[in-house]
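Please read the structure below before turning to the comments.
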Amino acid sequence: MTPFLAEIIGTGLLILLGCGVVANVVLSKTAGNNSGWIVITTGWALAVYIGVVVAAPYSGAHLNPAVSIGLAFAGKFQWESVPLFILAQFIGAMIGSFLVWAVYRTHFKATDNGAAKKAVFCTSPAIRHYPTNLISEIVGTFVLIFTILYFTDATITDTKTVVGLGSVGAIPVAFLVWAIGLSLGGTTGYAINPARDLGPRIVHALLPIKNKMGNDWKYALIPILGPIIGAMLAAGLFLLFSSM
């Protein structure tokens, strides 16, 4: 498996299961309807674990443009590989979100709430205040990238990259995303990943979903810019501490 394909598959699994848990909670007539924020954050954490387990041996399991940019900024990843990784992540995110729609298609039809349908695909602020929303995404992504930079084997090598103790080594990043969701996710839905938000947002715009809301393109810049800024700040601080 190539790193490009690994990023597509890993990100696809991440979004399939992450957006899938949102669909299970917010769409009508599902077994998990109205099961709440704990279920959503736990589902996303486990989705990260599964995506990392599959992709890590081949690509290092970035699954997120902010991770690729942060690692490159910190000197732990080649800048020339960043565009290819980001392309793969967006392809995977779009495939994963399309599959969520395919699995839950009858429940989309049974749901009248357009906001709930859109929530399956992309994030939106609990209180719309762009400066605060941007700060939320910056801080959440900062925690993600800063912590990842202290994980062992964060870089890609010529041989397969081993994450800690085999597949069990992917657990720390799952706990990390779970903690961010529980503690910081209530303001903007903690995108902390431009591909996770924009890829499915585009799919939402293209799919034939009845009575759906608009795609809120004006807000869409927040979960793109926030994670990139947060990643660069985390990498910068990491480099500063490393030089001391």
*Which of the residues belonging to the stretch 201-211 are buried (at least 18 other Cβ atoms within 10 Å of the Cβ) and in a loop (DSSP other than H, G, I, E, B)?*
Ile209
*Restricting the stretch 79-115 to residues that are closer than 29 Å to Leu27 by Cα and among the polar types (S, T, N, Q), which is surrounded by the fewest Cβ atoms within 10 Å (Cβ to Cβ)?*
Thr106
*asked:* Which residue is nearest to Asp112 (Cα to Cα), if the candidates are limited to the stretch 212-244 and must be free of Cβ contacts under 8 Å to residues at least 40 places away in the same chain and among the aromatic types (Phe, Trp, Tyr)?
replied: Trp217
*Report whether or not Leu237 is of a type outside the set (D, E, K, R), in a helix (DSSP H, G or I), in contact with a helix residue (DSSP H, G or I) (Cβ under 9 Å, 6 or more places away or on another chain) and over 18 Å from Leu149 (Cα atoms).*
no
*Only one residue in Phe121, Phe142 is buried (at least 22 other Cβ atoms within 10 Å of the Cβ), under 16 Å from Trp217 (Cα atoms) and among the aromatic types (Phe, Trp, Tyr), so which one is that?*
Phe121
*Restricting attention to the stretch 114-129, report how many residues are within 18 Å of the chain's Cα centre (by Cα), of a type in the set (Val, Ile, Thr) and part of a loop (DSSP other than H, G, I, E, B).*
1
*Answer yes if at least one residue in the stretch 19-32 is among the β-branched types (Val, Ile, Thr) and farther than 18 Å from Leu99 by Cα, and no otherwise.*
no
*Mind listing whichever residues of the stretch 222-244 are among the aliphatic types (A, V, I, L, M), surrounded by fewer than 17 Cβ atoms within 10 Å (Cβ to Cβ), at pLDDT 95 or above and more than 14 Å from Pro65 (Cα to Cα)?*
Leu237, Leu239, Leu240
*Going by the conditions given, is Gly12 surrounded by 17 or more Cβ atoms within 10 Å (Cβ to Cβ) and closer than 25 Å to Ile228 by Cβ?*
yes
*Pick from the stretch 130-151 the residues that are in a helix (DSSP H, G or I) and aliphatic (A, V, I, L, M): which of them is nearest to the chain's Cα centre (by Cα)?*
Leu144
*Pick from Ala93, Ala47, Ala23, Ala110: which is of a type in the set (A, V, I, L, M) and more than 19 Å from the chain's Cα centre (by Cα)?*
Ala110
*Test result for Leu198, modelled with pLDDT of 95 or more, over 14 Å from the mean Cα position of the chain (by Cα) and in a helix (DSSP H, G or I)*: no
*Taking the options Phe85, Phe146, Phe151, Phe90, name whichever one is under 19 Å from Ile192 (Cα atoms) and touching an Asp or Glu at 6+ places or on another chain (Cβ under 9 Å).*
Phe85
*Residues that are out of contact with any Ser or Thr (no Cβ under 6 Å at 6 or more places or on another chain) and surrounded by fewer than 24 Cβ atoms within 10 Å (Cβ to Cβ), drawn from the stretch 179-200*: Ala179, Ile180, Ser183, Leu184, Gly185, Gly186, Leu198
*So which pairs qualify, if the first residue must be in the stretch 45-61 and farther than 15 Å from Pro172 by Cα, the second must be polar (S, T, N, Q), the Cβ gap must be under 8 Å, and the two must be at least 6 apart or on different chains?*
Ala55/Thr11; Pro57/Thr161; Tyr58/Thr2; Tyr58/Thr161; Ser59/Thr161
*Is there a residue in the stretch 21-30 that is within 22 Å of Leu206 (Cα to Cα), surrounded by fewer than 20 Cβ atoms within 10 Å (Cβ to Cβ), touching a His at 6+ places or on another chain (Cβ under 8 Å) and in contact (Cβ under 8 Å) with a residue 40 or more places away in the chain?*
yes
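The values are calculated or read from the model by the stated rules, or taken from the named source; none is laboratory data. From a predicted model like this one, the values you see are computed outputs, not experimental measurements. When we count neighbours, we look across all protein chains shown, and the Cβ atoms used for this are built from the backbone with ideal geometry, even at glycine.
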